[in-house]
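Presented below is the structure to which this report refers.
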Amino acid sequence: MKKYQKYIEQKNNILAINGGLPVRKKPFPNRNLFNIEEKNILNKVIGNSIKTGIPIRYRGKYEEIYCKKFVKFMGGGNAHCVNSGTNALLCCLHALNLKKNSEIITPSVTDVGCVMPIILMGHTPVPTDIDKNSFNINLDQIKKKISKKTKAVIVAHIGGEVANIIEIKKFLKKKKIFLIEDCSQSHGARLKNIKVGNFGDISFFSTMSSKIHCTGGTGGIVFANNKKLFSRSFLFSDRGKLFKKNRFTGYYTDLGLNCTLDDISAAIGCVQIEKLKSIIYRTNKIGEYVKKKLIKMNSPSQIGKQIKNSLNVYWFLRIKLDKNKIKVSKKKYCDALKSEGINLSEKYLYNPFNHKWTKKYKKNLKKSSASLKNYEKSLKEQYVIYIRENYSKKDVNDILKAIKKVDKFYKM
C-alpha cells in the first residue's frame, strides 16, 4: 500500500505530458443548460397545439413575452427575435439604409457571421486590428481605417469583455457614422453600469445554445433604442410585412427576408432569460476568482487587462502568458496544460478574413492598409480557457492547480 502511495505521489509530481498523472482525470462537466423548466414550457406549447389543432408558428405569444422580458433586462428599448445572430446583423444593416458600396469597419476577431452579411447587403467590410490589451477593437484602430466611404462601425465585445465603447460612441457621433454593437458573446456585460447593446445606434445578440443565454439551438435578437431603426429592422426580418398591434395588415412595405424565430424557440427564451442574471453572476464570480488567484500565485499566466469600470461576464478566460517568465514555448506550455485536462485553445483563431471564402470575394473586401499587428501578437501571447457557469469550486480549483503544476516545471 505504501509503495502504491509512493508511486502515485511520484506520478503526481511529473507533468502529464511527460507521463505523469493529470490534475483533471475526468472531463469538465457538460453545461446542463436545460432542465425541467424548459421541458415544461415545451410540453405546454406543444400540448396546446395538440389540444387546439392550431399549428405552432412565429410572432406568437411566447415571442412577445420573451421580447418584453429581454427589454426589461436591458433597462428599456425595443427588441425583436430572429433565427440567428448572423441574420440579426443582416436586419441591422438594412435598418441603416446605407448607400450601396459603403464601407463598414469590422473587427478582425469575430465570427464570419459578422462579415458575410455586409457583403450580401452590397457593402465593403474593412478589417480592423484589435487593441493590444484585448480581442476588441479600439478607437485608435478605427481612426486608421476611416475614409469618406465609412458609414458604419461594428464593435464586438469578445469573450464577454467590454470594448471601450463610450469613447468610440462619442467619436462616431461627431463623425455621423453609425455604431453597431455585436453583443453575441457578452449578454449583460456592463460599462459604467450600462449594459452593452445600449451604446449602439442598433445592436444584435446571438442566442444560440453556446451563448450566455439561448433560445434553443440557434437564434438572435435585434435591439435598439432608436424606434425608426428598430422598425426598419423589424420589417426586414419578416419579408417587409407591415404589422399593426402585432397583426399582419396584409401589406408589404419594404424589402426583407424570412428571418423569423419560431414560438418554440421563443418559449425556451422565456425560461432562459430568467436564468440570465444568475449565469452572469456565476461566470463573473469564476473569472474574478481565477484572476485574483493567478495574481497571488505570481503565475506567468494572468487574465488580460480590462477596461476600467466594466463588468466582464467571462464567456471564456482570456489569458496573457508572459513568455519571458517561462522556459518553453507558448505552445509547449499550453500543450502541458491540455495534458493536465484543461479545456483551452492555444490561439483564439477567429479571424474571418483568414479563410478561403475571402479569396473568392476579394473584390468585395477593402485591402488592409496595415498588417494586423496586435492580432498577430495576440496569437503569440494569449490563450483561452473555456469555462461555464455550472463549474463547481473543485472544477475551478482544478484549473488553477493545473496552471500551478505547469508553472512549477516551466516557470523561470
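Where a number appears in this text, it was derived from the coordinates with a stated rule and is not lab data. No experiment lies behind these values; they were computed from the predicted model shown. All Cβ positions, even for glycine, are placed from backbone atoms using ideal geometry, and neighbour counts span all protein chains on display.
Here the peptides 122-135, 276-289 are ranked by packing, the mean other Cβ count within 10 Å, and the order with the highest first is 122-135, 276-289.
The amide H of I194, built 1.01 Å from its N in the peptide plane, has no neighbour under 5 Å, considering only residues 5 or more places off or on other chains. Solvent-free Debye calculation, one equal scatterer per alpha-carbon of segment 330-403: log10 I(q)/I(0) at 0.17, 0.19, 0.20, 0.24 Å⁻¹ equals -0.77, -0.86, -0.91, -1.10.
Of the peptides 48-60, 216-228, how do they stack up when ordered by the mean number of other Cβ atoms within 10 Å, highest first?
Taking the mean over residues of other Cβ atoms within 10 Å, the ranking is 216-228, 48-60.
Listed values for segment 108-122 are Karplus-derived 3J(HN,Hα) couplings in whole Hz (6.51 cos²θ - 1.76 cosθ + 1.60, θ = phi - 60°), namely 8, 10, 5, 7, 4, x, 8, 10, 4, x, 5, 5, 4, 8, x, and x replaces Gly and Pro.
Calculate the FRET efficiency for K143 and N43 from the Cβ-Cβ distance with a Förster distance of 45 Å, rounded to the nearest 0.05.
With R0 = 45 Å, the Cβ-Cβ based efficiency is 0.25.
Close amide-amide hydrogen proximity is noted between D238 and L257, C259, each under 5 Å apart and 5 or more residues distant or on a separate chain (H modeled in the peptide plane; Pro and chain starts excluded).
In whole angstrom, segment 291-330 maps to an equivalent ellipsoid with semi-axes of 22, 11, 9, each derived as √(5λ) from the alpha carbon gyration tensor and ordered largest first. Protection proxy ranking of 299-305, 152-158, 377-383, by the mean of other Cβ atoms within 10 Å over each peptide's residues and highest first, is 152-158, 299-305, 377-383. Shape call for segment 144-256 from the C-alpha gyration tensor, a ≥ b ≥ c root eigenvalues: rounded (a/c under 1.5), prolate (a/b greater than b/c) or oblate? Oblate shape, in that a/c is at least 1.5 and b/c is the bigger or equal ratio. The radius of gyration of the Cα set in the chain, together with its Dmax, comes out at 23.2, 83 angstrom.
Residues M297, M412, M74, ranked from the fewest to the most other C-beta atoms within 10 Å, line up as M412, M297, M74. Against the empirical curve 2.2 N^0.38 Å, the C-alpha radius of gyration of segment 263-407 lands at a ratio of 1.26. K373 label point, 7 Å along Cα→Cβ, cut-off 14 Å on backbone N: hits in segment 108-135? Residues passing the 14 Å test: 129-133.
Only bridges with both residues in the chain count here: give the DSSP antiparallel percent, nearest 5. Here the share of antiparallel DSSP bridges comes out near 65 percent. Counted by neighbouring Cβ atoms within 10 Å, the residues D140, D182 run from fewest to most as D140, D182.
Filter the cross-link list K291/K394; K132/K320; K380/K401; K132/K373; K356/K377 down to pairs whose alpha-carbon distance in this structure exceeds 18 Å. Pairs exceeding the cut-off: K380/K401; K356/K377. Ranked by how many other Cβ atoms sit within 10 Å of their own Cβ, fewest first, the residues D322, D263, D111 fall in the order D322, D111, D263.
Across q = 0.11 Å⁻¹, segment 197-341 modelled as identical point scatterers on its alpha-carbon atoms has Debye log10 I(q)/I(0) values of -0.65, in the order of the q list. Here is the tail figure for segment 39-142: Cα pairs spaced more than 21 Å apart come to 57 percent of all pairs. Translational diffusion of segment 36-271, estimated by Stokes-Einstein from the Kirkwood radius over alpha carbon pairs at 4 °C in a medium of 1.567 mPa s, is 72 µm² per second.
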